[in-house]
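Since the structure comes first, as structure tokens, the remarks are kept for the end.
The values are calculated or read from the model by the stated rules, or taken from the named source; none is laboratory data. All values derive from a computational prediction rather than experimental measurement. With ideal geometry, Cβ positions are generated from the backbone for all residues, glycine too; neighbour counts draw on all protein chains shown.
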Amino acid sequence: MGIEITGWGKCTPSAVLTNSDLESILDTDDEWITTRTGVKQRRIAEAPLSEIGTIAAKHALAAADKDPNEIDAVMMATCTPEFLIPSTASRVQMNIGNNTAAAFDFNSACSGFVYGLTTAYSMIHSGIFNNVLLVGGEKVSYFLDWTARDTAVLFGDGAGAVLIEKTNTDSKLHSSKMTCDPFLGEALMLKNFGTSMEIKDPKEGYFFGISFEGQEIFKNAVKTMARLAEEALEESGLSVDDIDLCIPHQANRRILEATAKRCNFPMEKMIINLDQYGNTSAGSIPIALTEALDEGKVKPNSKILFLAFGGGLTGAAAVIDWGGRSHALKTSNEQLPDSGKTALELVQDILNMYQ
Ligand code: ACO
């Protein structure tokens, strides 16, 4: 029995927020953002997260030519759920028209997709499911403090999805390494969401702004991703030369360059699209994977290294064989409805909500 990704898709909202847009509302500039992060623009969504995830999921189902009613489980990696109950996964499940699959959300922040990939492969390997629709996505714009230049410039909205299935091949997950250092958890926090809410003045908002220590996260991201990559490669019996592509979480170009240098990984094999979307957290890897497939960078039987780091502080690395097919069986025209608003107007709506 083999296990492989047979479908893939993304949803990147159409409203583009450029660095020059941010210059108009924050004390920042394109040069600082570009040189310190590599980000040139990001997307802002009006639609709820489940709709963003649903579009990505429908593209993944089309690419695999899979009937939604045959899906055994919908898993959603997100740290910006639409509701606490019901899960965002169950809303995606509803939107694709399936009422029998298992559905659950999980939160490993930016590492969510690789945690989910490992969980999905393991559950298929154990015989619990024949397939899993794994969605990673965020509507992080809603949780940002758009007056704080240190975080507002980094993130964007979006989702990606993959269908993972049991197949008659020998494709597999070679290795996976996942970690979390809870003692550094407060380096990246979204406070006042969940049972810790102690809001006395509603003007404070419930979950206003991400608090984070950029340099602490930066250092740990490089150290942890380089270590996990080495451990995952060692466990798989593969070397850097055997890897055709690395698809990392897209947080900061400098983090990726430093990580690649530390583990002697060639930058040419690394997929980077953060200039277009910023950090979409759990959405970043499946979006980058989908674009790599669309651009013909993933070949049949490619060996792919996924690398991630995020809130928790979590980290993950996984090595997989791509299957025998890297073209979509069908395509879907599904896309989000146009909100008719510019990205700046959507940001202004969020600012107004908190005032
Ligand atoms: N525009 C202009 N100046 C800014 C901005 C901005 N948007 N943001 C901060 N600055 C200023 C700071 O105020 C500081 O000024 P000062 O020297 O007068 O005090 C100066 O720029 C340098 O700030 P640093 O924080 O030292 O800048 P650094 O080079 O560390 O880059 C950054 C900051 C981009 C956030 C970096 O630390 C980083 O990418 N960290 C990790 C990314 C991250 O945390 N992502 C969150 C999710 S976790 C993950 O996905 C990996």
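Just wondering, is there one or more residues in region 90-101 that are modelled with pLDDT of 95 or more, away from the ligand (no atom under 16 Å from the Cβ) and surrounded by 24 or more Cβ atoms within 10 Å (Cβ to Cβ)? First the steps, then the outcome.
Going through region 90-101, the residues modelled with pLDDT of 95 or more turn out to be 90-101.
With the extra rule that they be away from the ligand (no atom under 16 Å from the Cβ), the set shrinks to 90-101.
Going one step further and asking which of them are surrounded by 24 or more Cβ atoms within 10 Å (Cβ to Cβ), we end up with 92-93.
Looking through region 90-101, at least one residue is modelled with pLDDT of 95 or more, away from the ligand (no atom under 16 Å from the Cβ) and surrounded by 24 or more Cβ atoms within 10 Å (Cβ to Cβ).
Could you list, in sequence order, the residues of region 222-251 that are assigned to a helix (DSSP H, G or I), within 13 Å of the ligand (Cβ to nearest atom) and in contact with a Cys (Cβ under 9 Å, 6 or more places away or on another chain)? Scanning region 222-251 gives a single hit, 225. The residues of region 220-262 that are under 25 Å from residue 40 (Cα atoms) and charged (D, E, K, R), listed by number, are 253, 254, 257, 261.
Which one is modelled with the lowest pLDDT, of the residues in region 210-245 that are of a type in the set (Gly, Ala, Ser) and out of contact with any Ser or Thr (no Cβ under 7 Å at 6 or more places or on another chain)?
At the first step, the residues of region 210-245 found to be of a type in the set (Gly, Ala, Ser) are 211, 214, 221, 226, 229, 232, 236-237, 239.
Subset that is out of contact with any Ser or Thr (no Cβ under 7 Å at 6 or more places or on another chain): 211, 214, 221, 229, 237, 239.
On the way: 211: 84, 214: 91, 221: 97, 229: 98, 237: 96, 239: 96.
My answer is 211.
Only one entry in 18, 54 is of a type in the set (Val, Ile, Thr), more than 13 Å from residue 163 (Cβ to Cβ) and within 16 Å of the ligand (Cβ to nearest atom), namely 18.
Before we move on, is residue 287 more than 16 Å from the ligand (Cβ to nearest atom) and either closer than 23 Å to residue 178 by Cβ or assigned to a helix (DSSP H, G or I) (or both)? Break it down stepwise before answering.
Numbers: more than 16 Å from the ligand (Cβ to nearest atom): no; either closer than 23 Å to residue 178 by Cβ or assigned to a helix (DSSP H, G or I) (or both): yes.
So residue 287 fails the test.
Would it be correct to say that residue 9 is part of a strand (DSSP E or B), touching a residue at least 40 places away in the same chain (Cβ under 8 Å) and among the small types (Gly, Ala, Ser)?
Working: part of a strand (DSSP E or B): yes; touching a residue at least 40 places away in the same chain (Cβ under 8 Å): yes; among the small types (Gly, Ala, Ser): yes.
So residue 9 passes the test.
Mind listing whichever residues of region 289-318 are out of contact with any helix residue (DSSP H, G or I) (no Cβ under 6 Å at 6 or more places or on another chain) and of a type in the set (A, V, I, L, M, F, W, C)?
Here is the first cut: in region 289-318, the ones out of contact with any helix residue (DSSP H, G or I) (no Cβ under 6 Å at 6 or more places or on another chain) are 289-297, 299-302, 304-305.
Within region 289-318, 289, 292, 293, 304, 305 qualify.
Residues of region 26-40 that are within 20 Å of residue 280 (Cα to Cα) and more than 7 Å from the ligand (Cβ to nearest atom): 30, 34, 35, 38, 39, 40. Only one entry of 282, 260 meets the criterion of being assigned to a helix (DSSP H, G or I) and over 21 Å from residue 79 (Cα atoms), and that entry is 260.
Within region 300-355, restricting attention to residues that are surrounded by fewer than 20 Cβ atoms within 10 Å (Cβ to Cβ) and of a type in the set (Ser, Thr, Tyr), the residue that is nearest to residue 92 (Cα to Cα) is 332.
One residue stands out among those in region 234-257 that are within 28 Å of residue 77 (Cα to Cα) and charged (D, E, K, R): the one that is surrounded by the fewest Cβ atoms within 10 Å (Cβ to Cβ), which is 234.
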